[in-house]
Amino acid sequence: MPSPDPTSPAAEPPVAARPTRDVSPLDPAVAARLKRDAAGLVAAVVQQHDTGEVLMLGWMDDEALRRTLTEGRVTYWSRSRREYWRKGDTSGHVQHVRSVALDCDGDALLVRVDQVGAACHTGDRTCFDAGDLAAAVANPDGSSGDPDGTSGDPDGTSGDPDGGADHLAAAVGNPDGTSGDPDGGA
């Protein structure tokens, strides 16, 4: 029987193999609260501690979380490289841990950091600098509306001659509108 075509839309990429353990390296109380996906991973939303800017999303298994909690630097499980990855070891774009919180369901972490340089591998300050998706805007009273005049504007500029940099910067949480370090990030 021929093997399936890897370019077929039905073909799924293989799940990254990672080290498995019978016993979690985490404190048992923390390990018991985690709800991991099928690959044993938990999403980690990373936020700049002093501005609230959302920087990136990474993945952690128990060992990556243990390292993050005990070493003061953020460690992830890289699904593409299939190895542990401590942010900044190759790029210099270090994430110094300020706090780690588990959400109410136990399936996501909020990692507050002091980011040095770009957070995104593209060299952008955040992984959310790729652009606003021009979502419909709702008013606090629940009615639809367009209080800032940007809804329905495909490029989010509202005819603004500077290309809507202020709107885009606000949408991605980057107050100065810069795109970050041009050297490619981590």
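The values are calculated or read from the model by the stated rules, or taken from the named source; none is laboratory data. Worth saying up front: this structure is predicted, and the values here are computed from it rather than measured. Methodologically, a virtual Cβ is constructed for each residue, glycine included, from the backbone with ideal geometry; neighbour enumeration extends over all protein chains shown.
To keep it simple, each residue is scored yes or no on (1) at positive phi; (2) out of contact with any strand residue (DSSP E or B) (no Cβ under 9 Å at 6 or more places or on another chain); (3) modelled with pLDDT of 90 or more; (4) of a type outside the set (S, T, N, Q).
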{"residue": "Gly92", "(1), (2), (3), (4)": "yes, yes, yes, yes"}
{"residue": "Val97", "(1), (2), (3), (4)": "no, no, yes, yes"}
{"residue": "Asp103", "(1), (2), (3), (4)": "no, no, yes, yes"}
{"residue": "Gly159", "(1), (2), (3), (4)": "yes, yes, no, yes"}
{"residue": "Asp162", "(1), (2), (3), (4)": "no, yes, no, yes"}
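Where in segment 46-107 are there strands (runs of 3 or more DSSP E), lying fully within it, with 1 or more residues that are without any contact (Cβ under 8 Å) to a residue 24 or more places away in the chain and in contact with a helix residue (DSSP H, G or I) (Cβ under 8 Å, 6 or more places away or on another chain)? Break it down stepwise before answering.
Values: elements: 54-60, 75-78, 83-86, 95-102.
Passing ranges, in order: 75-78, 83-86.
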Q.
I'm checking my understanding of the structure. Among residues of segment 35-45 that are in a loop (DSSP other than H, G, I, E, B) and in contact with a strand residue (DSSP E or B) (Cβ under 6 Å, 6 or more places away or on another chain), which one is surrounded by the fewest Cβ atoms within 10 Å (Cβ to Cβ)?
A. Arg36
Q: State whether the residues of segment 128-149 include one that is under 13 Å from the mean Cα position of the chain (by Cα) and at pLDDT 95 or above.
A: no
Q) Is it the case that some residue within segment 15-31 is surrounded by 13 or more Cβ atoms within 10 Å (Cβ to Cβ), at pLDDT 95 or above and in a loop (DSSP other than H, G, I, E, B)? A) no
Q.
Against the definition (modelled with pLDDT of 95 or more and farther than 21 Å from Ala130 by Cβ), how does Leu57 come out, yes or no?
A. no
